[in-house]
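Remarks on the structure that follows.
The values are calculated or read from the model by the stated rules, or taken from the named source; none is laboratory data. All figures in this text were calculated on a predicted structure; none of them were measured in a lab. No Cβ is skipped: glycine too gets one built from the backbone with ideal geometry, and neighbour counts run over all protein chains shown. When the accessible area is computed, the model is the full protein with side chains, heavy atoms only, and any ligands, DNA or RNA have been set aside. Shrake-Rupley method; radii C 1.70, N 1.55, O 1.52, S 1.80 Å.
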Amino acid sequence: MTAYSINLNPIITLTDEQFYQLCQVNPELKFERTANGELMIMSPTGGETGNYNVEIATDVALWNRQTQQGITFDSSTGFKLPNGADRSPDVAWIRRDRWNTLTPAQKKRFPPICPDFVIELRSATDELQPLQTKMQEYLDNGLQLGWLINPQDQQVEIYRPGQPVEVLPTPSVLSGNPVLPGFKLHLDWLWTEAS
């Protein structure tokens with residue numbers, strides 16, 4: 001997914017309410033906002049990436065439905081991170097006890113919370129470095145586990161607090177333990193499809 005950035009800061013600084021309204025009146029566009037207020041506009045993904053994303057998100061959602069450990073979110077969900085950025089990971093998950101600390105109004109808008117777990121799936125048009133920066137931003141804001149799945153290079157980068165990034169070439173299975181107890185994401189199908 002190609003991202004375009006617009007620096008509005010010399011002209012206007014969008015409030016949280018204005019950014020939310022901008023997203024609501026332009027539902028056909030996907031926006032994110034960096035911590036310094038730069039507006040990011042993402043183009044839609046292609047069919048291949050869209051399929052990969054829904055397959056991966058389905059696995060997380062089915063595990064969560066069985067375990068009732070937390071709340072699962074798709075790539076349309078925006079989160080207001082503690083550093084002020086508004087981000088929309090491809091897949092996100094938050095422990096139920098943390099989610100329940102939010103008010104009903106906070107849950108309806110862009111929840112002011114960093115997910116416990118995120119997945120970012122690199123599409124054919126994504127550059128790797130901005131995704132790596134985004135993963136680090138999630139970590140800096142409280143992420144407990146993150147997977148950057150990179151079909152182009154046939155690898156997964158694993159992000160955990162206080163640890164160096166772990167790079168796995170074509171892993172068959174990723175384990176969500178201990179953040180997502182018992183969750184396993186099988187990826188052989190992805191490496192076959194993407195090769």
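Some notes on this structure:
- Complete set of residues in region 160-173 that are among the hydrophobic types (A, V, I, L, M, F, W, C) and either crowded, with 20+ Cβ neighbours inside 10 Å or in a loop (DSSP other than H, G, I, E, B) (or both): Val165
- Residue within region 40-62 that is charged (D, E, K, R) and touching a Gly at 6+ places or on another chain (Cβ under 7 Å) present: no
- Considering region 132-159, the residues that are acidic (Asp, Glu) and open to solvent by 20 Å² or more (accessible area, probe 1.4 Å) include one that is nearest to Ala35 (Cα to Cα), namely Glu137.
- Filter result (part of a loop (DSSP other than H, G, I, E, B), without any contact (Cβ under 8 Å) to a residue 12 or more places away in the chain and either over 21 Å from Met42 (Cα atoms) or open to solvent by less than 10 Å² (accessible area, probe 1.4 Å) (or both)) within region 102-127: Leu102, Thr103
- Only residues that are under 17 Å from the mean Cα position of the chain (by Cα), within 27 Å of Trp191 (Cα to Cα) and free of Cβ contacts under 8 Å to residues at least 24 places away in the same chain were counted across region 25-50, and they come to 1.
- Looking only at residues of region 174-184 that are open to solvent by less than 10 Å² (accessible area, probe 1.4 Å) and in contact with a strand residue (DSSP E or B) (Cβ under 7 Å, 6 or more places away or on another chain), we find that the one that is farthest from Ala124 (Cα to Cα) is Leu180.
- Tally of residues being touching a residue at least 60 places away in the same chain (Cβ under 8 Å), open to solvent by less than 70 Å² (accessible area, probe 1.4 Å) and out of contact with any Lys or Arg (no Cβ under 7 Å at 6 or more places or on another chain) across region 77-94: 2
- Remark: Asp97 falls outside the filter, which requires a residue to be part of a helix (DSSP H, G or I) and in contact (Cβ under 8 Å) with a residue 24 or more places away in the chain.
- Put simply, of Glu55, Glu32, Glu48, Glu38 the only residue that is surrounded by fewer than 18 Cβ atoms within 10 Å (Cβ to Cβ), of a type in the set (D, E, K, R) and within 26 Å of Thr15 (Cβ to Cβ) is Glu38.
- Here Ala3 fits the description: open to solvent by 30 Å² or more (accessible area, probe 1.4 Å) and in contact (Cβ under 8 Å) with a residue 40 or more places away in the chain.
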